[in-house]
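For reference, the structure discussed in these notes is given below.
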Amino acid sequence: MAANSVFRHSYWDAVNVAVIPGQAVFFVLLARAYGALPTTTLLALLPVLYALALQNSGANHNHHHTPFFRSRRLNALTRMGFSLQGEPKTPHNIYHGHHHSTNRSWDHDSYLRIVGLRAPIRRQLSRFGLSFVEALGLRYFVLLVLLKRWPLERVAALASPADPELGRHVLGRVAQPAALRAATFDLGAWLGFRLLLCAIDWRFFFLYYVPANYLITSLRMGEDFMHHWGAADAFDVRRNAVSCYGKLYNWLTFNLGYHQEHHLRPTAHWLSLPSMTEGLPRDRRIVPFSHYVNVPLFYPRLAAEIARRAASQVGAAEAAASGSASTEVGSGAPGAAAAGHGE
Ligand SMILES: [Zn+2]
Ligand SMILES: [Zn+2]
């Protein structure tokens, strides 16, 4: 790696930064061409939009862990640039910091539940409808205002009813003055770009961009699950994640596939991650092509094995509760493991 007076780690970080103008130009051109494009082309472009979202996410992730520039102002501008697509990045990055600071098993969660497909159809439809109301940031603005006026507990209960503790943690960090300022600037960049697209062609924005983003964002909500489901040991920092060495996937996302390497040392630069693979244990989980294959649908035998282990642990726990369990029981149960490694 070669740093210089502008780039803190490597001038190769410029390829991550290039994602910002590259994608901005792409979406502006798409908005301008929208009226002349047939529906089949617009549908065929959805996987491309998905790939661009992954690329934006990979580049922002690298910048979050190892800020590219020596100048704080350039780093702030870059974060705002990544906020043009997807979501304003400061709250997202704070949530990601929480992901790194907590150990948990994802084996007993459900991808379908996480992306919202287990919810009643009526709730799914209302979520989709709300995405149009929120297309210009209503939710973010309400949250920013409430963070200044309401007690944190009350905002967390409203924003994250399923996990108020997580909401308290993330929103508590967002409410810090420096983070709140950064989040406001991110929101400004995010909204400004959306207003630009809307001004170019409001039909493109509301009939294509917003629904496409809704679809992409919903499916991407399951990424943490896919990065960790089936990991060899959820509480061993050398085996608690799933790596994927697919060349195209890592080229597109700037090495997002090296997830075990990344969890072992989150501050390692993205170009250093491949050199860490050799030192990792062989009995960890690796998947081909992309993390997106790491779902129970493609690994029914592993899913069945995980279900069998969970059932036997529940059986053992019930036996222990009734007083007839052996002393071997608790050590393998998820709750016991979590307690043991959480300290
Ligand atoms: Zn992870
Ligand atoms: Zn990370």
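Readers should treat all values here as calculations from the given coordinates under stated rules, not as data from a laboratory. Small disclaimer: the values here were computed from a predicted structure and weren't measured. With ideal geometry, Cβ positions are generated from the backbone for all residues, glycine too; neighbour counts draw on all protein chains shown.
Using only the Cα atoms, work out Rg/Rh for segment 1-111, with Rh taken as the Kirkwood radius, to two decimals.
Using only Cα positions, Rg/Rh for segment 1-111 is 1.06.
Collect residues whose amide H, placed 1.01 Å from N in the peptide plane, falls under 5 Å from the amide H of residue 269; neighbours closer than 5 in sequence don't count.
Excluding prolines and chain starts, which carry no amide H, there are no hits.
Exposure proxy check: 163, 109 ranked by fewest other beta carbons within 10 Å?
Ranking 163, 109 by Cβ neighbours within 10 Å, fewest first, gives 163, 109.
Residue-wise, which Karplus ³J(HN,Hα) couplings in Hz belong to segment 93-100, taking 6.51 cos²θ - 1.76 cosθ + 1.60, θ = phi - 60°, and x for glycine or proline?
Per residue, the Karplus-derived 3J(HN,Hα) values read 5, 5, 4, 5, x, 5, 4, 6 Hz.
Is the shape of segment 140-226 best called rounded, prolate or oblate, per the rule: a/c under 1.5 gives rounded, else a/b larger than b/c gives prolate, else oblate, with a ≥ b ≥ c the square roots of the Cα gyration tensor eigenvalues?
Since a/c reaches 1.5 but b/c is at least a/b, the shape of segment 140-226 is classed as oblate.
Evaluate segment 242-297: find the radius of gyration of its Cα atoms, find its Kirkwood radius, and give the ratio Rg to Rh.
Reported Rg/Rh (Cα atoms, Kirkwood Rh): 0.95.
Provide, as a two-decimal number, the C-alpha radius of gyration of the chain over 2.2 N^0.38 Å, N being how many residues it has.
In units of the 2.2 N^0.38 Å rule of thumb, it is 1.07.
Whole Å is fine, so just give me how far the alpha carbon centre of segment 194-248 lies from that of segment 284-322.
23 Å
What distance in nm separates the simple spin-label points at residue 102 and residue 202, each placed 7 Å from Cα in the Cβ direction?
Here the answer is 4.1 nm between the modelled labels.
Could you pull out which residues in segment 273-290 have an amide N less than 14 Å from a spot 7 Å beyond the Cα of residue 302, following the Cα-Cβ vector?
Zone members listed by number: 283-290.
Gain in length, residue 40 to residue 138, computed as 0.36 nm per residue apart minus the alpha-carbon separation, to one decimal in nm?
Extending this stretch completely gives an extra 32.1 nm.
Please get the size of the charge dipole for segment 242-297, origin at its Cα centre, with Cβ charges of +1 on Lys and Arg and -1 on Asp and Glu, quoted in debye to the nearest 20.
Working: 5 positive and 3 negative charges, 10 e Å.
With only Lys, Arg, Asp and Glu charged at Cβ, the dipole is about 60 debye.
Which whole-Hz couplings ³J(HN,Hα) result when phi for each residue of segment 193-198 is put into the Karplus expression 6.51 cos²θ - 1.76 cosθ + 1.60, θ = phi - 60°, listed in order with x for Gly and Pro?
Once rounded to whole Hz, the list reads 5, 5, 5, 4, 4, 5.
Using 7 Å Cα-to-Cβ label points, what is the residue 18/residue 215 separation (nm, one decimal)?
Each label point lies 7 Å from its Cα, and together they span 2.9 nm.
Along Cα→Cβ, 7 Å out, is where each label goes; now give me the distance between the ones at residue 150 and residue 236 in nm to one decimal.
4.4 nm
Please list 3J(HN,Hα) in residue order for segment 30-36, calculated via the Karplus relation 6.51 cos²θ - 1.76 cosθ + 1.60 where θ = phi - 60°; whole Hz, with x for glycine and proline.
These are the phi-based 3J(HN,Hα) values: 5, 4, 5, 8, 3, x, 9 Hz.
Considering amide H positions built from the backbone, and no H for Pro or chain starts, which residues 5 or more places from residue 12, or on another chain, come under 5 Å of its amide H?
Long-range HN contacts for residue 12: 2.
If you rank 79, 149 by fewest surrounding Cβ atoms within 10 Å, what's the result?
Going from least to most buried by this count: 149, 79.
Could the peptides 287-295, 51-59, 270-278, 36-44 be put in order, highest first, of the mean number of other beta-carbon atoms found within 10 Å of their residues?
Working: 287-295: 18.8, 51-59: 21.0, 270-278: 15.7, 36-44: 10.3.
Ranking, from highest mean packing down: 51-59, 287-295, 270-278, 36-44.
Only counting other Cβ atoms within 10 Å, I'd like 306, 20 sorted with the fewest neighbours first. Intermediate results must be reported in sequence, preceding the final value.
Working: 306 17, 20 21.
Placing the least packed residue first, the sequence is 306, 20.
How large is the charge dipole for the chain, taken about the Cα centre, if only the Cβ atoms of Lys, Arg (+1) and Asp, Glu (-1) carry charge, to the nearest 20 debye?
880 debye
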